[in-house]
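Readers should treat all values here as calculations from the given coordinates under stated rules, not as data from a laboratory. Just so it is clear, the structure is predicted and the values come from calculations on it, not from any experiment. Using ideal geometry, Cβ is built from the backbone for each residue, glycine included, and neighbour counts are taken over all protein chains shown.
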Amino acid sequence: MTATDYDLFVIGGGSGGVRAARIAAGYGAKVAIAEEDRYGGTCVIRGCVPKKLLVYASRYGDEFEDARGFGWTSGLATFDWRTLIANKDREIARLEQIYESNLKAKGVVTLKTRAELIGPGAVKLSDGQRITARTILIATGGRPSRYGDIPGANHIITSNEVFELEDLPKRIVVCGGGYIAVEFASIFAGLGVETTLVHRRDKVLRGFDEDLRDGLMEALAGRGIRLLMNEALTGVARDGAAYHVALRGGGSLETDLVLSAIGREPATKGLGLDSAGVRTGAKGEIIVDSFSQTTVPGIFAVGDVTDRANLTPVAIREGHAFADTVFGKRPVQVDHSLIPTAVFTTPELATVGLSEEAARALGHELDLYKARFRPMRNTISGRNERTLMKLVVDRGTDRVLGCHVLGPDAAEIVQMAAVALQLGARKADFDATVALHPSAGEELVTLREKWAPPA
Ligand code: FAD
């Protein structure tokens, strides 16, 4: 065998790539990683982290409002977008630096460049340099899909640009019905922006439990977000500082910003996959086996570029499992069957396991337990929003198949419920668990009445 420059070359310094590089180096491998933009990748630079900071910002309005019912009077609260963005940028820069220095501390060679495959075991950098490696890991993530081919599509921004806006718009049109679209609609509405959500289907959040979807749409509408379902943009025209948006149904909207969040696609364009013989699927995703091995021996892929479950903790697990398997001599497969996930709208929702619809489709006979209640805090604050909790239980085995929450702290509650589901908890185990009172989460262990559809 001829000598190679590295044991492992990682393309992409995001969640999956960074984890894989660090763990492989910890096993003694000689590792290099190439990142064409900023270390940390989507999650840290233009995804989960900055988004959650904006979510926090968007919720202070509620706090000020609700405080009155608890006896507080405060002066006129004002909001400054530029302060938020500057502070967010500082925090992101801090995290980016930590990501890169953690790699260096493990002895990983960090390159700030684009890399492309030029064959099995070989990559080319932007400056033309060729590098060989025994193993190559592709962890290039995904990119926002562009809004279709309509006149004025160039005026539409994506989630990549939204974090860099200089000013907060007064009005926004958000396109899409996935979690990123509803989260941004909720963020902007919370910051006082007149918000319209345009989605080509009849409901948001396809794939989530129907009760959560309906409950969220009701809550978003209750918070003043205009929901235009079964609708699409047919054109965007500049009108001075504003935009004129034409709709498929014949209507139109005036707005200051159009944000598209209609989905994401794997970042495989121009990556040289053909030159190495790496096979991709219909969306351009890299096809891998359960050990993240592509169709070419020695080339692996993890994270969003494989389009399995496009979430940070999953990319991290896949990267870690790859390094354990290939460099730690400990074969690890990632279990994609029980992945908790949250949507950070206000109110937020979170879910783990099967929706009622998915469980039925798999042939389960179900018992359903649902609670819809006004959280204690809302009694005095006067806020008229209800929390929804739902357990989907297999009738034959009593196993809890799904846990779904819409309401404050849903993500925190469901993360813990996920432990129970991971352990195979039955409804009887939830019942045997002592409630923590007063909390919202206690509802999950005090649900006794089976839900029956209204006669
Ligand atoms: P990425 O993190 O995308 O990293 C890929 C990296 O590769 C990028 O830095 C890119 O610049 C680099 N790259 C690409 N091509 C090349 C090349 N040829 N050469 C060199 N470098 C290259 N997930 C959650 O779990 N929770 C959330 O709340 C959440 N919120 C999100 C909000 C938004 C707005 C978005 C867009 C995503 C969100 N996600 C969330 C998803 C999460 O960010 C991704 O699942 C995760 O980042 C995937 O990690 P990855 O390693 O596969 O790819």
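Mean sequence separation of contacting Cα pairs (under 8 Å, at least six apart), scaled by the length of the chain, corresponds to a relative contact order of 16 percent. Mean residue ellipticity, 222 nm, helices only, the chain: the sum of -39500 (n - 2.57) across DSSP H runs of n ≥ 4, divided by residue count and rounded to 500, is -9500 deg cm²/dmol. Placing a pseudo-label 7 Å from each Cα along the Cα-to-Cβ vector at Arg171 and Ile98 gives an inter-label distance of 4.1 nm.
Listed here are the pairs Lys390/Lys427; Lys370/Lys450; Lys52/Lys390; which of them are more than 18 Å apart at the Cα? Violating the 18 Å limit, Cα to Cα: Lys52/Lys390. Assuming R0 = 22 Å, what is the FRET efficiency of Ala358 and Met416, from their Cβ-Cβ distance, to the nearest 0.05? In this case the efficiency is close to 0.50. Computed from Cα positions, the angle between helix 410-422 and the longest principal axis of the chain comes to roughly 60 degrees.
How would the range 1-115 be classified by its alpha-carbon gyration tensor: rounded, prolate or oblate, with rounded meaning a/c under 1.5 and the a/b versus b/c comparison settling the rest?
Prolate is the answer for the range 1-115, as a/c is 1.5 or above and a/b outweighs b/c.
The radius of gyration of the Cα set in the range 304-357, together with its Dmax, comes out at 14.1, 45 angstrom. Between 0 and 90 degrees, the angle of helix 179-190 with respect to the longest Cα principal axis of the chain falls at about 50 degrees.
A dipole drawn for the chain from +1 and -1 charges on Cβ atoms has a positive end, and of Asn230, Ile131, Ile156 the residue lying farthest that way is Ile131.
The angle separating the long axis of helix 81-105 from the principal Cα axis of greatest extent in the chain is about 40 degrees. Once each part is reduced to its C-alpha centroid, what is the distance from the range 54-116 to the range 339-371 in angstrom? If you average the Cα positions of each part, the centres end up 30 Å apart. Would you be so kind as to identify which of Ala361, Ala342, Ala122 lies farthest towards the positive end of the dipole of the chain, taking Lys and Arg as +1 and Asp and Glu as -1 on Cβ and the Cα centre as origin? Checking the options against the dipole of the chain, the answer is Ala122.
Among Thr351, Thr110, the order by Cβ neighbours within 10 angstrom, fewest to most, reads Thr110, Thr351.
Normalised by the number of residues in the range 83-166, the average gap of Cα pairs under 8 Å and 6 or more apart makes the relative contact order 15 percent.
So if I take the centroid of the Cα atoms in the range 402-439 and the same for the range 153-190, what is the distance between those two points in Å? So the two Cα centres are separated by 33 Å.
With a/c under 1.5 counting as rounded, go ahead and sort the chain into rounded, prolate or oblate using the C-alpha gyration tensor (a ≥ b ≥ c being the square roots of the eigenvalues; past the cut-off, prolate if a/b is larger than b/c, else oblate). Spell out each step's value before the answer.
Details: a/c = 1.80, a/b = 1.30, b/c = 1.39.
Note, shape of the chain comes out oblate.
Residues in the range 299-315 carry Karplus couplings, in order, of 10, 10, 8, 9, x, 4, 5, 9, 6, 8, 10, 7, 9, 4, x, 6, 4 Hz; the curve used is 6.51 cos²θ - 1.76 cosθ + 1.60 with θ = phi - 60°, and Gly or Pro positions show x. Sequence-ordered 3J(HN,Hα) estimates for the range 110-120 from the Karplus curve with 6.51, -1.76 and 1.60 and θ = phi - 60° stand at 9, 10, 9, 6, 7, 10, 9, 6, 10, x, x Hz, glycine and proline given as x.
Protection proxy ranking, highest mean first, for peptides 70-80, 263-273: 263-273, 70-80, where packing is the per-residue count of other beta-carbon atoms within 10 Å, averaged.
A prolate overall shape is assigned to the range 293-382, the ratio a/c of its alpha-carbon gyration tensor axes (a ≥ b ≥ c) being 1.5 or greater and a/b exceeding b/c.
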